[in-house]
Amino acid sequence: MKSSLEVRFLGQSGFLLKTSSSSLLIDPYNDDSGRYDGDILYCTHHHFDHTGGVDTFLERNSDAIFLCNEQVADKQEKWKDRITIIEDGQQFTVSDWHFSFTKLKHGVFGGTENIAVEAQYGDLKFAHIGDAKEFGTMVSRVIDVLAVPISGGPTASPSKVLDTLKNFESFPSVVIPMHWLIRRPDSFCKNFYKLFPEKRCIVPKDGEIVTI
């Protein structure tokens, strides 16, 4: 029997993952995306559109822990007592979650440390690659839900994402485009289905819960 995981899209690259006993917030981009109850916060990198809801979330959830890399921690020094620094290749377990972290190249700002996260709850795994330009070793992972940026520039382009998906050894059950900026996510999914007609590509509205 599959574990039960609620995936809510919060806009830009933000997601709230909720189980029966805990909640994980990833890359809250503004105050609204930080206005949720939760136990764990993770930011893939330090840019404002991935950390804009940090203060709101941590002020609201006094016992929540904050997982992030050193660059993020340097920008969020006011929360240093609640931060746990993570590194490339690290695995970490807290509450019902098992995390794996993988550094992936950011598209424009070469010095930006962008660390993707695989968050596993029971037998379900959600992967979020931040502002990655390349997927690296992620193509060899078994992933149920994959959140991918499609804007180009700072991230992979739609065509780059589609080409890379062809190389996945185990195709994700659900692909969710994010961080699209001027791109059209519906067009991305349309082209996705031309290549992978039996798979699932979902474009959720802000605040919408994705059916896994």
Out of (1) touching a Leu at 6+ places or on another chain (Cβ under 7 Å); (2) closer than 18 Å to H128 by Cα; (3) at pLDDT 95 or above, the one G14 does not meet is (1)
Being surrounded by fewer than 24 Cβ atoms within 10 Å (Cβ to Cβ) and either outside any loop (DSSP other than H, G, I, E, B) or of a type in the set (F, W, Y) (or both) is the filter; apply it to the range 125-134 and report the residue that is nearest to the chain's Cα centre (by Cα).
A127
Residue tally, condition in a loop (DSSP other than H, G, I, E, B) and under 17 Å from H179 (Cβ atoms), over the range 13-29:
4
Suppose we filter T84, T112 for residues that are hydroxyl-bearing (S, T, Y), touching a residue at least 60 places away in the same chain (Cβ under 8 Å) and touching a strand residue (DSSP E or B) at 6+ places or on another chain (Cβ under 6 Å); which single one remains?
T112
The correct count of residues that are surrounded by fewer than 18 Cβ atoms within 10 Å (Cβ to Cβ) and out of contact with any Leu (no Cβ under 6 Å at 6 or more places or on another chain) in the range 135-159 is 7
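Could you list all residues from the range 31-44 that are in a loop (DSSP other than H, G, I, E, B) and either in contact (Cβ under 8 Å) with a residue 60 or more places away in the chain or within 16 Å of K75 (Cα to Cα) (or both)?
Correct list: C43, T44.
The values are calculated or read from the model by the stated rules, or taken from the named source; none is laboratory data. Since the model is a prediction, treat every value here as computed from it, not as a measurement. As a convention, Cβ positions derive from the backbone with ideal geometry for all residues, glycine included, and neighbour counts pool all protein chains shown.
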